[in-house]
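The values are calculated or read from the model by the stated rules, or taken from the named source; none is laboratory data. Note that the structure is predicted; figures quoted are calculated from it, not measured. Cβ sites come from the backbone with ideal geometry, for glycine too, and all protein chains shown count toward neighbours. Surface accessibility is based on the protein's heavy atoms, side chains included, excluding ligands, DNA and RNA. Shrake-Rupley method; radii C 1.70, N 1.55, O 1.52, S 1.80 Å.
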Amino acid sequence: MANVVLKNEQELTLMREAGRLLASVFSYLDTLIVPGATTMQINDWAERYIVDELKARPASKGQYDYQYVLNASVNHVVCHGVPSEAQALKSGDIVNVDITLEKNGFIADSSKMYLVGDVKPIAKRLVDKTYEAMWEGIRAVKPGATLGDVGHAIQQHAEQNGYSVVRDYCGHGIGREMHEEPEVLHYGKPGKGLVLKQGMVFTIEPMINQGKAKIKTKKDGWTVVTSDKTLSAQWEHTVAVTAEGVEVLTLRDEERL
């Protein structure tokens with residue numbers, strides 16, 4: 001617990017605003033991510049919207065010497081897909097768009113899967129089950145629960161549906177810094193790991209593979225792909241532990257009841 005920064009109500013109010021703005025970026029992109037759009041266009045659209053419309057900062061740009069506003073990970077790319085003018089989306093592609101945004105000193109982090117054009121049922125199932133796995137993890141969040149409970153809920157759902165959980169990457173605490181303690185694994189054992197307390201804020205962002213969990217990084221030093229070239233999917237939300245349970249700070253309009 002020594003390195004986990006608990007957020008007070010004033011800080012959570014600012015984080016809610018960052019999360020709300022980030023959710024609006026995805027709403028803006030929803031009609032733009034279509035066959036023929038390049039991943040660089042998606043990057044540029046998001047940057048203009050964040051900077052010009054929201055008067056916010058794209059938090060990923062410049063972080064770890066990364067030049068872009070977002071990651072666009074297509075098909076067998078697990079994460080950290082680098083935007084490219086040469087990569088045009090095709091009908092049948094699935095793409096994860098991962099964006100961070102900073103407003104008033106606090107950062108929100110979220111990602112969404114997009115189905116481009118006519119996507120095969122086998123790919124859509126992976127996307128849907130990955131989304132469900134993320135929510136299984138989110139529902140496990142409450143004071144007194146453990147990070148092992150969260151990871152187990154995700155892992156169980158993914159594996160019961162015939163998929164594997166990437167173990168090389170994890171969720172993370174977030175606030176004034178993009179990456180804070182704790183690390184949030186997407187696998188685990190119930191009752192194990194850090195006990196959750198009110199005021200903790202972290203991301204839940206499972207990466208689920210159609211085939212084996214093994215991955216590799218391409219020569220660009222960023223792009224991570226499945227070793228067996230099967231499809232991969234990821235969803236992500238920033239969540240806060242509340243007195244009652246959990247609040248999703250990056251909830252999108254289509255997810256509200």
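So is Gly221 closer than 12 Å to Val239 by Cα, surrounded by fewer than 20 Cβ atoms within 10 Å (Cβ to Cβ) and not polar (S, T, N, Q) or not? Judged against the criteria, Gly221 is not a match. Among all positions in region 166-178, there is at least one residue which is part of a loop (DSSP other than H, G, I, E, B) and in contact with a Gly (Cβ under 7 Å, 6 or more places away or on another chain). Residues considered: Ser227, Ser232. Of these, the only one that is among the small types (Gly, Ala, Ser), at pLDDT 95 or above, surrounded by fewer than 22 Cβ atoms within 10 Å (Cβ to Cβ) and within 17 Å of Ser164 (Cβ to Cβ) is Ser227.
Within region 6-19, the presence of a residue that is within 30 Å of Gln87 (Cα to Cα), within 19 Å of the chain's Cα centre (by Cα) and either of a type in the set (Asp, Glu) or surrounded by fewer than 20 Cβ atoms within 10 Å (Cβ to Cβ) (or both) is excluded.
Let's see how each residue does on (1) over 22 Å from Ala108 (Cβ atoms); (2) free of Cβ contacts under 8 Å to residues at least 12 places away in the same chain; (3) in contact with a strand residue (DSSP E or B) (Cβ under 8 Å, 6 or more places away or on another chain):
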| position | (1), (2), (3) |
| --- | --- |
| Val195 | yes, no, yes |
| Gln198 | no, no, yes |
| Lys216 | yes, yes, yes |
| Val225 | yes, no, yes |
| Ala243 | no, no, no |
| Val248 | no, no, yes |
| Leu251 | no, no, yes |
| Glu255 | no, yes, yes |
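The residues of region 171-190 that are open to solvent by 30 Å² or more (accessible area, probe 1.4 Å), farther than 12 Å from Asn3 by Cβ and not charged (D, E, K, R), listed by number, are Leu185, Tyr187, Pro190.
Kindly indicate whether Gly193 is small (Gly, Ala, Ser), open to solvent by 10 Å² or more (accessible area, probe 1.4 Å) and at pLDDT 95 or above.
yes
Considering (1) open to solvent by 80 Å² or more (accessible area, probe 1.4 Å); (2) closer than 22 Å to Ser73 by Cα, the lone condition that Gln160 does not fulfil carries the number (2).
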